[in-house]
Every structure is written in C-alpha cells, then in structure tokens.
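So the structure is just underneath, and the comments pick up after that.
The values are calculated or read from the model by the stated rules, or taken from the named source; none is laboratory data. Computed from a predicted model, the values in this text were never measured in an experiment. Cβ placement follows ideal geometry from the backbone for every residue including glycine, while neighbour counts extend to all protein chains displayed. Accessible surface is based on the protein model in full, side chains and every heavy atom, while ligands, DNA and RNA are left aside. Shrake-Rupley method; radii C 1.70, N 1.55, O 1.52, S 1.80 Å.
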Amino acid sequence: MTSLESFREQIGPSYDLIREIGRGGMATVFLARDVKHDRDVAIKALNTDIDAASASERFEREIRVLARLQHPNILPVFDSGVAAGRLWYAMPYVEGESLRAKLDRDRVIESSAAITILCSLADALSYAHASGIIHRDIKPENVLLSHSIPLLADFGIAAALDALPSRKLTDTGLAIGTPHYMSPEQALAESSVDGRSDIYSLGCVGFEMLAGKPPFEGSTINALVARIVSSSVPSIRATHPQVSKAIDSVIAKALAKDPADRWQTGAEFSEALAVTRSGSAPSVSRQPSRRRAISSSVLGITAITAVVTSFVLLNGRTRNSDPPSLPAAVGKHDSAAVAAYQQGMKRLTQRTQRATLEALALMDESISIDSTFAPAWAGKARAYGWAQLWQF
C-alpha cells in the first residue's frame with residue numbers, strides 16, 4: 001500500500017504532501033499543496049506497483065485526454081505521473097461533501113433536488129462519452145457537492161487501470177467499478193462495455209437517492225451479481241410512493257438489463273428527467289429487446305425442466321425413464337434457495353462463459369439463503385469445474 005513517507009520522497013518538490021485523507025481498495029488519496037500555483041490539491045495514487053514503462057506511457061496518454069475535458073460538472077485533472085512505483089494524478093481539492101456523505105446523513109433526497117443532480121451528471125457523461133471517455137465507476141462517492149453543484153470525479157481511475165496489464169489487474173484484485181453500481185455487462189466482465197454502462201450506474205445512483213438504497217443488494221458479491229444480471233428492476237414507488245410514476249419509469253429504463261433497452265446517451269437520460277419536472281411522462285418503451293426477452297424467459301422455466309436438465313448434466317447422458325425429482329430433503333429447505341439452485345443448474349446446461357459465471361453467482365446466492373442445502377454446494381463445485389475450463 002502507498003505510504004505518505006515513501007510517496008513524499010518520490011513525488012518531487014512540486015507538491016507538499018500534507019496528510020492522507022482517504023484510502024480504498026483501488027487507491028489512496030492525499031491532501032497536498034501545489035507549490036507552484038499555491039493551491040490545495042487532492043492526489044490519488046493507485047494501490048498497485050507498475051513494472052513496465054509502457055504502462056506509464058499509456059497512463060500519461062490517457063491522462064492527457066482527460067485533462068482536455070472542460071465541463072462545469074466534471075472535476076478536472078491537473079497533473080499526473082509515477083512515484084514510488086505507483087501511478088498518480090492530481091485534481092482540485094473540493095470543499096464540501098460527497099453525495100455518499102449526504103445520503104448517509106439524509107438517506108433520501110427529495111425528487112426535485114435528485115433530478116437536478118442527475119441531470120447535471122447525465123449532461124457531464126454525455127460530454128465525456130462524446131469525447132470517447134467512459135467513466136466506469138459512477139457511484140455516490142465519486143460525486144462531489146460543491147456549493148450545491150454536483151461534480152463528477154475520478155475519471156482518472158479508469159485511465160490508471162486501463163494502463164495496467166490485464167494480468168496485473170487480476171493479480172492485485174483490482175477491478176473497475178463498484179459492485180452495487182455495476183451494470184450487468186460490467187459485473188459479468190464482458191469486453192463490450194460502452195457509455196451505456198455509465199448510464200446504468202447513474203440510474204443506480206438515482207434509484208438510491210430516491211429510495212434510500214441501491215436497486216439490488218446481496219449478502220455476498222456473487223449473490224449481488226446474480227440479482228444484477230437476473231432480477232427484475234424494482235419499483236421505487238413500492239417503498240416511496242411519493243415519487244412520481246414518470247420518474248420511476250425513467251430510472252427503470254436506465255436500469256434495463258440490456259444496453260439496447262436503456263437511454264442511449266446521457267443527453268437522452270437528462271432530457272427524459274427534465275420532462276418529469278412538469279409532471280409529464282416522457283416516452284419510455286418497456287418492451288425488452290429480443291435478446292433480453294429470450295434470456296428472461298429462461299428464468300421462467302418450470303422446476304421440472306430444471307430438474308431434467310440438471311440430471312442430464314450430472315450424469316452426462318439422457319435416460320429413457322421418468323425424470324428424477326429433486327431430493328426429498330428439498331421440501332425442508334427455503335424455497336428461494338431452491339429456486340436459485342434451479343436457475344443455476346439451468347445456466348450450467350448452456351456451457352458458456354457468461355452462463356457459468358451466472359451459475360456460480362446463483363449457487364452462491366442459494367447457499368447464502370440456506371447453507372444446509374447440499375445440492376447448491378454440489379452445483380457450485382460443478383460450476384467451478386466449468387469455470388476452470390473458461391480460465392476464470
């Protein structure tokens with residue numbers, strides 16, 4: 001981990017490091033004084049060593065692109081470099097609080113104020129995406145409130161992690177994104193992640209501002225991933241009926257499982273939110289794409305079909321006999337645990353990388369609900385076997 005002492009020694013005379021002000025899984029943040037310009041800055045240093053000059057060069061290129069971003073709702077990047085073997089970048093030190101601190105204190109934000117924040121952030125994303133930059137870690141912690149003006153921070157983290165070799169990311173356990181705000185494609189580590197993933201994450205932030213909690217939660221990371229990729233989007237109005245149907249539908253569209261079903265740009269999202277201010281309802285299509293509709297229908301397969309397919313998978317061949325039933329002990333177990341197990345077994349029959357990861361998540365969810373449910377443990381072991389074939 002980066003220490004104040006070792007970092008101060010190598011960052012050079014341009015910055016006077018004052019103290020550590022934050023530490024997370026990916027980076028450590030220092031308050032520093034920019035000696036040349038006589039101003040306070042926040043310096044964020046990635047918590048992993050680099051061992052290749054190419055990584056440093058790529059990081060510098062990425063930061064140069066970020067430094068050109070000029071938008072009233074984007075926190076700019078001032079400077080960057082390598083010190084103590086770690087990538088770092090400097091940004092303004094903002095007096096105020098984060099959206100996370102506000103939510104921790106107030107829990108929910110009134111609709112009009114929430115829409116104001118969301119519209120500003122959606123406009124910022126629209127600008128960044130048009131410049132070819134994806135944030136990939138939208139969350140309340142990365143939204144700063146300075147004199148009530150929302151500022152989207154930490155574009156630099158994505159640039160820093162992009163500069164590292166993929167093996168280094170795996171070895172250090174670093175990942176881009178925060179689980180509760182990850183899009184389905186991000187949570188499943190798909191390669192085709194674009195600006196619509198940021199739209200999803202911003203939808204999660206909006207949901208939390210209005211409902212007091214993220215749209216999906218889980219007792220473990222795998223259980224959370226299972227809900228993100230498989231569960232229907234909950235209605236904000238189910239717990240907070242004072243939120244209008246129009247706002248609820250706009251947020252729900254941002255949270256669509258398939259990127260094609262979401263708002264396609266930050267500008268679209270912002271415009272739809274703005275329409276709700278007048279009490280009008282924007283045009284929101286609830287018809288899922290054909291690909292996602294087919295995927296969702298798989299979740300509705302009956303229990304007997306799940307049993308047959310799991311029997312085929314476990315035995316390696318079909319038999320000319322009546323399909324087996326679930327173990328007799330199933331009746332003694334939580335129905336939600338059984339349902340998650342059945343869905344996981346169905347995923348395993350697909351024998352694809354994505355389906356295997358989903359199966360792992362569903363088995364883990366089943367176990368988290370009922371740790372005595374033996375079939376789920378067996379299913380998880382089989383899923384791990386397939387995971388080895390996919391090398392993840």
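Here is the link list: Lys213/Lys257; Lys36/Lys139; Lys139/Lys380. Which ones come out longer than 23 Å on Cα distance?
Working: Lys213/Lys257 19 Å; Lys36/Lys139 32 Å; Lys139/Lys380 31 Å.
Over 23 Å apart, Cα to Cα: Lys36/Lys139; Lys139/Lys380.
Ordered by packing density, taken as the mean number of other Cβ atoms within 10 Å over each peptide's residues, highest first, how do 371-379, 117-125, 224-232 rank? Intermediate results must be reported in sequence, preceding the final value.
Working: 371-379: 18.6, 117-125: 24.4, 224-232: 21.0.
Descending mean neighbour count gives 117-125, 224-232, 371-379.
Students sometimes get this wrong: rank Ile109, Ile149 by accessible area, probe 1.4 Å, all chains present, largest first.
Working: Ile109 15, Ile149 85 Å².
Of Ile109, Ile149, the descending order of accessible area is Ile149, Ile109.
Kindly sort Ile18, Ile115 by accessible area of their heavy atoms, largest first, with the probe set to 1.4 Å.
Order by accessible area, largest first: Ile18, Ile115.
Roughly speaking, what is the centre-to-centre gap between the range 191-234 and the range 331-362 when only Cα atoms are used, to the nearest Å?
First find each Cα centre; the distance between them is then 20 Å.
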